[in-house]
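Notes follow once the structure below has been shown.
The values are calculated or read from the model by the stated rules, or taken from the named source; none is laboratory data. What you see is a predicted model, and the numbers here were worked out from it, not measured in a lab. Quick reminder, even Gly has a Cβ in these numbers, built from the backbone with ideal geometry, and neighbours come from all protein chains shown. Ligands, DNA and RNA are stripped out before the accessible areas are found, and what is left, the full protein with its side chains, is counted by its heavy atoms. Shrake-Rupley method; radii C 1.70, N 1.55, O 1.52, S 1.80 Å.
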Amino acid sequence: MAAKEIRKFDDPVLRKRAKPVRKVTREIQKLLDDMLDTMREAQGVGLAAPQIGVSKRLVVVDVGEGPRFLVNPEIVRTSDETETAWEGCLSFPGLLGEVERYARVTVKALDRDGREFWMDGDGLLSRALQHEIDHLDGVVFLDRASAVTKVPEEEAGEVVAETLALPAVVFMGSPEFAIPSLDELVGAGFPVKLVVTQPPRPKGRRRELTPTPVEVRARELGIPVITPEKVGSPESVKAIEEASPDLIVVSAYGQKIPGEILALPKMGALNVHPSLLPAYRGANPIQRAIMDGRDTTGVTIMWMSEEMDAGDICVQKAVEIGPDETFGTLEKRLASLGAHALIEAILLIKAGSAPRIPQDASKATKAPLLKPGEEVVNWNKSAVQIHNLVRALSPEPGAMTWYRGERIKLWETRVLSSEKTVGAPGEVLSVDGDQVIVACGEGTIAVVTVQPSGKRPMPAAAFLRGRTGLPRRFGDAEGGVK
Ligand code: ZN
């Protein structure tokens, strides 16, 4: 027995229809043994003879239940039900394809001794049988793939599994930000066994108990949900354990997750974090990046450790922040980028080639939640700093200021000039269409949209028209005529 070279990519033998075997001779048996060796060396779960350059109808599979040799295999029955999942192929290293297959098949073949047998396969075995029998007809998985992903070869080496089963996932997340990740997992065919999210909280004027956006979405998708007050409670740990996840995915869950839970899945736990770690560790990375006037941020898929946001980096993707971009639009973009990066990370893990890059703790910065008072505009600051605060807090919770004692929110501003100007900080310099031009500590800003307390948002100029008293200045909490 000897491992053979695996034929790859556009090798013509992969595209030929293989010939039936007339008789299972010693020579055929030796070929089957070589195929088994080759498959084992490459750590695959299946191999067809054309993949070692022999155009004969021979297949070997082993999905963890011992090797099966199939001579002249034929699919004689298929289920109505299909399953879509990602597959790889030893002949196409570095590529993964999303392929719809019959959930169950019945195959008729001769065994290594030339005796006819029938076998049923479901799950991974069904998929492997269909994939290998395709090879005998010159069909490769890419022909059937609805989506193809490239796994970078320099990082990945070879995709080791002939067929990849998708890991069972427990998903832990709470706000809107987490929904694209949950959707993409489900859409890619990952079995999401359980969703863990924060309990419903009182919201709005009526203080009605409101479930998290993730809970609402999970129920729509028909996924079981738990909402523990404390995720480390024995009942909660038991529920997660019973879902027997291969992988835990965490996206803005909102509670510290004990090591006991993180240790449950054999593939580990991944976190989707909206910053380029080690920058902006903490609960508020998106608003902080905008407040700081950064022109770049990104998402990190991180291997979770017990220390908050300090785990090894698996995948990172950067994006630019537009000069007028708000928290709302950036959060949406990062949520969708995070979902794609998450699937990429899981595929890399399945391919055995996921990186683990330790964070440089000396470069770590913090992204804490807003402290009371941070939302108040300080007009002594520069126009750029004030603009960054306004867009970082839009659409939630809103930058706040006063106009002659009246409390207002600023929703939209533009930087007009960052040079020194006449006028005291906060002073209205002019009205230009719908905008009001205001002096800052450094530079001038156009205030576009404001919202007086208890009213709807309105153009800043319209707001000023109704208020004729002098001086016309923002930032004065005291006095003034209403
Ligand atoms: Zn293959």
Exercise for the section: State whether the residues of region 110-126 include one that is of a type in the set (Lys, Arg) and not in a loop (DSSP other than H, G, I, E, B). Expected result: no
Handout entry: Check on ARG40, surrounded by fewer than 19 Cβ atoms within 10 Å (Cβ to Cβ) and of a type in the set (Lys, Arg)
Key = yes
Fill in the blank from the handout: If we ask which residues in region 271-286 are in contact with a Leu (Cβ under 7 Å, 6 or more places away or on another chain), modelled with pLDDT of 95 or more and either among the hydrophobic types (A, V, I, L, M, F, W, C) or open to solvent by less than 10 Å² (accessible area, probe 1.4 Å) (or both), their number turns out to be 2
Practice task
Would you please name the residue that is farthest from the ligand (Cβ to nearest atom), looking only at residues in region 110-121 that are acidic (Asp, Glu) and touching a residue at least 24 places away in the same chain (Cβ under 8 Å)?
Solution key: ASP113
Fill in the blank from the handout: Quick count over region 128-149, residues being within 11 Å of the ligand (Cβ to nearest atom) and either of a type in the set (Ser, Thr, Tyr) or open to solvent by 10 Å² or more (accessible area, probe 1.4 Å) (or both), is 5
Handout entry: Matching residues in region 48-90 - criterion: being in a strand (DSSP E or B), modelled with pLDDT under 95 and within 12 Å of the ligand (Cβ to nearest atom)
Key = VAL61, GLU87
Handout entry: GLY222 vs. criteria modelled with pLDDT under 95 and surrounded by fewer than 21 Cβ atoms within 10 Å (Cβ to Cβ)
Key = yes
Problem - Selection status of VAL105, over 27 Å from GLY352 (Cα atoms) and within 34 Å of the chain's Cα centre (by Cα) - result: yes
Handout entry: Verdict on VAL377 being of a type in the set (A, V, I, L, M, F, W, C), more than 17 Å from MET458 (Cα to Cα) and modelled with pLDDT under 95
Key = no
Problem - Meets criteria (crowded, with 17+ Cβ neighbours inside 10 Å, touching a residue at least 40 places away in the same chain (Cβ under 8 Å), within 16 Å of the ligand (Cβ to nearest atom) and farther than 20 Å from ASP34 by Cα) for GLU98 - result: yes
